[in-house]
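Worksheet for the structure shown next.
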Amino acid sequence: MRPAVLRGVPLLAGMGVVVAGVMLGNWQMRRADEKAHLAAAYVAEEVREPVPLDLAHSAPWQRVRVEGEWVSEGTILLDNRIHEGRAGYHLLQPLRLDADGALVLVNRGWLAAVADRSAVPDPVAATGRGRVEGVLRPPEGKPLLLGERPDAGKVWQFLDLGAYRQGTGLAVADWVVFQTSPAPDGLARDWPRPGSGEERHQGYALQWYSLAAVAMVFTGLFGVRQARGKRLEQS
């Protein structure tokens, strides 16, 4: 490789760092905007009265009211859910709606894990009729896991609706109702607001932009030095 080409490698590398830093900073700012919009949508819904669930016209973070019969089969626990610094589970159970007979999963709340993590609490399913107010949410995204399967009996690492429908035979809807109405079941329902972490993404964006700025300065200085050296060689 010719020396002139070799001298151009640091310039290209520096420009690549600048471009990558700007692109990653922009991506983090978009993520911050998404979180801000989620938080704004949630706050807007908080002041509205719950409406009867209409699965055909549903929207995330909508406050809804559902009424029907609890289905004991299909009650599961989502593992590794933290509440006030304590490990525990979210208890999910299907509810068959009076309106159209559709099945919707209700996240009834959080229960604490026992000290011996190998001893899983028996999920107590609600029975009879249920009337729940809550917030409509899509299922969470699939986390990074070592195993292939999301479930191990009644305990699931995350909610995969396809696996849930196949495993239980229950054709639940694509939404989950996070219960907010009180119930004498001892479950905690202090759900965190969506959109948290906006400041974190802005901080990451600042770091990437700073890296791009530093790379731009050093690349520019390197380019100036190269130009001076070239003029000295030609003189």
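The values are calculated or read from the model by the stated rules, or taken from the named source; none is laboratory data. Keep in mind that this is a model prediction, so the values were computed, not measured. A quick note on method: Cβ atoms are made from the backbone with ideal geometry, for glycine too, and the neighbour counts reach across all protein chains shown.
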Residues satisfying the stated conditions in the stretch 128-146, i.e. within 22 Å of G169 (Cβ to Cβ), assigned to a loop (DSSP other than H, G, I, E, B) and either of a type in the set (G, A, S) or modelled with pLDDT of 90 or more (or both):
G128
One residue from A56, A125 being more than 14 Å from F178 (Cα to Cα), at pLDDT below 90 and surrounded by fewer than 15 Cβ atoms within 10 Å (Cβ to Cβ)
A56
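Among residues belonging to the stretch 108-122 that are surrounded by fewer than 17 Cβ atoms within 10 Å (Cβ to Cβ) and not hydrophobic (A, V, I, L, M, F, W, C), point out the one that is farthest from T168 (Cα to Cα). Can you show your working first?
Kept after step one, since they are surrounded by fewer than 17 Cβ atoms within 10 Å (Cβ to Cβ), are these residues of the stretch 108-122: 112, 114-122.
With not hydrophobic (A, V, I, L, M, F, W, C) added as a condition, the list becomes 116-118, 121-122.
Values: D116: 28, R117: 25, S118: 24, P121: 20, D122: 18 Å.
Ranking the qualifying residues of the stretch 108-122, first place goes to D116.
This table checks each residue for (1) at pLDDT 85 or above; (2) part of a helix (DSSP H, G or I); (3) in contact with a Pro (Cβ under 7 Å, 6 or more places away or on another chain); (4) buried (at least 18 other Cβ atoms within 10 Å of the Cβ).
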site: K35; (1), (2), (3), (4): no, yes, no, yes
site: R65; (1), (2), (3), (4): yes, no, yes, no
site: S72; (1), (2), (3), (4): yes, no, no, no
site: L78; (1), (2), (3), (4): yes, no, no, yes
site: L92; (1), (2), (3), (4): yes, no, no, yes
site: V106; (1), (2), (3), (4): yes, no, no, yes
Does any residue in the stretch 195-217 that is over 13 Å from Q28 (Cα atoms) and at pLDDT 85 or above come within less than 8 Å, Cβ to Cβ, of a residue that is in a helix (DSSP H, G or I) and of a type in the set (K, R) six or more places away or on a different chain, and which pairs are these?
none
For G88, indicate whether it is crowded, with 18+ Cβ neighbours inside 10 Å and at pLDDT 95 or above.
no
Go through (1) over 30 Å from L211 (Cα atoms); (2) in a helix (DSSP H, G or I); (3) modelled with pLDDT under 85 for E49 and report which single condition fails.
(2)
Given the conditions (1) surrounded by 15 or more Cβ atoms within 10 Å (Cβ to Cβ); (2) under 15 Å from L95 (Cβ atoms); (3) over 16 Å from the mean Cα position of the chain (by Cα), every one holds for V176 apart from (3)
Looking for something in contact (Cβ under 8 Å) with a residue 24 or more places away in the chain, within 25 Å of the chain's Cα centre (by Cα) and over 23 Å from D160 (Cβ atoms) - is there at least one such residue anywhere in the stretch 99-109?
no
